[in-house]
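Notes to accompany the following structure.
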Amino acid sequence: MVAVVVWGFGPILIKKTGLPNLVLAFWRLWLGFAVVALVHVVGGGRIRVHALRQSAIGGVFFGINVALFTAAVQRTSVAEVTLVSSFQPVLVLLVAGPMFGERAGRREILLIAASLVGVAVFEAGAMRGPVWSLSGYLFAVGALLTFTGYYLASKRAREHLDAIEYMTSALFVSALVVTPVALLSGQPLGDLHGQTWVWLALFVLFPGALGHLLVNWAHRFVDVTISSVIVVGLPVVAALLAWVLLDETLGPLELIGGIAVIACVAAIAVRPTLAGAAEDLPL
């Protein structure tokens, strides 16, 4: 849940940098790799071929996701992009059973449905706003699909690797995937100066490194069907931050839908904790 709040600042910082999407993806991935690799090496780790193999699928998905997500945020509103990502739990539910043996209960399914209704209400309000584009929407759909792939691949890889080693290896693969595309695009990779470096550094350190580290650490302890629903809270957090920091508007429908999403996510997130606590009670 802390990761969701940290991730909420991501779209804000993307807009603040003002960089072309592939330039931003290039620097975000290489700098993110440098930060996490430093932590990994200081902790006594090293980059292993085995870890790169385990992280390859997640790294490829994540590299493509970063490029698509930044393109989407630059073309349409923060609320629009993050709301599209809210449908990730539906995709996760379709494959989590066969992959991980997880089954959502009736209560969780009803709360997921209710949260998606809240997202739909929020979406109805967002599409009436002044900032909306079809290309941004399509990029956001692509980001949704690739992030779901990354999310599931990360859950699988965490069965074999610790969070820091996985992130180090996955980011290295991601950076390798994006680099040739960025070079061929013709976008000026070295045209960064002044305050742009500050916004980029904040983006790399907090949503980029801290947010993903928290989620990948949690994968070992939380069912992917539950954690993916907690991420549904991201559109509300991001939209509220965009309202405060970027002057993007929030109407009545967005407020109503946002409250509904927060309530459903809180109910889903608290239930497993209470159940786990009950199991620990002495008989």
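The values are calculated or read from the model by the stated rules, or taken from the named source; none is laboratory data. Only a predicted model underlies this, so the values are computations on that prediction, with no experimental measurement involved. Note that each Cβ is placed from the backbone with ideal geometry, even for glycine, and that neighbours are counted across all protein chains shown. We work out accessible area using only protein heavy atoms, side chains counted, and drop any ligands, DNA or RNA first. Shrake-Rupley method; radii C 1.70, N 1.55, O 1.52, S 1.80 Å.
Listed here are the residues, each with its yes/no results for (1) at positive phi; (2) outside any helix (DSSP H, G or I); (3) out of contact with any Lys or Arg (no Cβ under 6 Å at 6 or more places or on another chain).
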residue	(1), (2), (3)
T179	no, no, yes
G190	no, yes, yes
F203	no, no, yes
L210	no, no, yes
W217	no, no, yes
R220	no, yes, no
I230	no, no, yes
V237	no, no, yes
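Taking region 178-221 as the search range and keeping residues that are farther than 23 Å from A56 by Cβ and aliphatic (A, V, I, L, M), which one is surrounded by the most Cβ atoms within 10 Å (Cβ to Cβ)?
Filtering first and then ranking leaves L200.
Would you mind finding the one in F69, F33, F62 that is outside any loop (DSSP other than H, G, I, E, B), open to solvent by less than 50 Å² (accessible area, probe 1.4 Å), more than 17 Å from L213 (Cα to Cα) and touching a residue at least 40 places away in the same chain (Cβ under 8 Å)? Step through it out loud before you land on a result.
Details: F33 fails: more than 17 Å from L213 (Cα to Cα); F62 fails: more than 17 Å from L213 (Cα to Cα).
Matching residue, one of F69, F33, F62: F69.
Of (1) within 21 Å of P188 (Cβ to Cβ); (2) surrounded by 19 or more Cβ atoms within 10 Å (Cβ to Cβ), K16 satisfies all except one. Which?
(2)
Return the residues of region 84-116 that are surrounded by 20 or more Cβ atoms within 10 Å (Cβ to Cβ) and either of a type in the set (S, T, Y) or modelled with pLDDT under 75 (or both); say none if nothing qualifies.
Within region 84-116, S85, S86, P89, A96, A104, S115 meet the criteria.
Please indicate, with yes or no, whether at least one residue in region 37-48 is under 30 Å from S115 (Cβ atoms) and assigned to a helix (DSSP H, G or I). Explain how you work it out, then say what you get.
Of the residues in region 37-48, the ones under 30 Å from S115 (Cβ atoms) are none.
Looking for residues that are under 30 Å from S115 (Cβ atoms) and assigned to a helix (DSSP H, G or I), one finds none in region 37-48, hence no.
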